[in-house]
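All remarks here apply to the structure that follows.
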Amino acid sequence: TSNRLNHFISQVFQEVGPRFNLNESFNYRPNVLVSKFSYYANHASEAEADGFIPNRQAANAENIANKAYANRVHNGGYDSGDGWRYRGRGMKQLTFRGNYRSFTIYHENKWGQRVDFESDPELLLETVYAVRSALYFWDFNNLPIRADQGVTKGVSYSITRIINLHDDH
């Protein structure tokens, strides 16, 4: 429906931005790391060491991903590298090993093709899989039902809260 399409496209734009970046950026300043990730809220000094500081240091993206996403949704600990390996990719920025695994199963059931995204997460940078991963997330979270409630700020915010808890609007 037009409501579903409007919400879907606007949420994709919110996730990937005007440059349509299909790879999650970790270019966060220390204060954003502390507010966005519980790991950094509990280790504020590491946010200073890892975060982007203009004219002083680039963000340590791999370190941020491994710390922020360690031991979450089937990711291993920091040393496993899973945070970086299973960082956000695709039009919805699919994140975490468990979600890559779940998308693999969904993809085979929906499109009849066995593609192992857990083994090859970079595939989500290919257009077809970038789109399908966003559709997977949309379906998995029953977002079409929310979109059917109309095109209002309230409905939009309710969808955004499911997609990204840190972006209220």
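The values are calculated or read from the model by the stated rules, or taken from the named source; none is laboratory data. Everything numeric here is computed off the predicted structure, so don't read it as measured data. Don't worry about glycine lacking a Cβ; one is built from the backbone with ideal geometry, like all the others, and counts go over all protein chains shown. Just so you know, the surface numbers come from the protein's heavy atoms only, side chains and all, with ligands and any DNA or RNA stripped out. Shrake-Rupley method; radii C 1.70, N 1.55, O 1.52, S 1.80 Å.
To put it simply, the accessible area of the range 83-169 at a 1.4 Å probe is 50 percent carbon and sulfur.
In the chain, taking the dipole from charged Cβ atoms about the Cα centre, the farthest positive-side position among Pro18, Ser133, Asn63 is held by Pro18. Annotation: amide H of Gln57 has no partner in the under-5 Å range at sequence separation 5 or more or interchain, hydrogens built in the peptide plane.
Each Cα pair of the range 88-169 feeds into the Kirkwood radius, which the Stokes-Einstein equation turns, at 20 °C and 1.002 mPa s, into a diffusion coefficient of 161 µm²/s. Close amide H partners of Leu94, meaning residues 5 or more places away or on another chain with modelled amide H under 5 Å apart, are Arg89. Per residue, the solvent-accessible area of the range 38-169 (1.4 Å probe, heavy atoms of protein chains only, all protein chains present) comes to 51 Å².
Distance from the alpha carbon centroid of the range 93-153 to that of the range 19-72 works out to 25 angstrom. Note on Asn31 and His74: their simple-model spin labels are 3.8 nm apart, each label 7 Å out from Cα toward Cβ.
Listed by chain and number, the lysines placed with their C-alpha closer than 23 angstrom to that of Lys67 are Lys36, Lys92; residues fewer than eight positions away on the same chain are left out. Helical runs assigned H by DSSP (4 residues or longer) give the chain a calculated mean residue ellipticity at 222 nm of -15500 deg cm²/dmol, each run adding -39500 (n - 2.57) before division by the residue total. The dipole here belongs to the range 62-103: it is taken about the Cα centre, uses +1 on the Cβ of Lys and Arg and -1 on the Cβ of Asp and Glu, and is about 200 debye. In terms of the mean number of neighbouring beta-carbon atoms within 10 Å, the peptides 21-33, 144-156 order highest first as 21-33, 144-156. In this calculation the C-beta distance from Asn164 to Trp111 is compared with R0 = 22 Å, giving a FRET efficiency of 0.30. Magnitude of the charge dipole for the range 73-156, about its Cα centre and with charges confined to Cβ atoms of Lys, Arg (+1) and Asp, Glu (-1), is about 280 debye.
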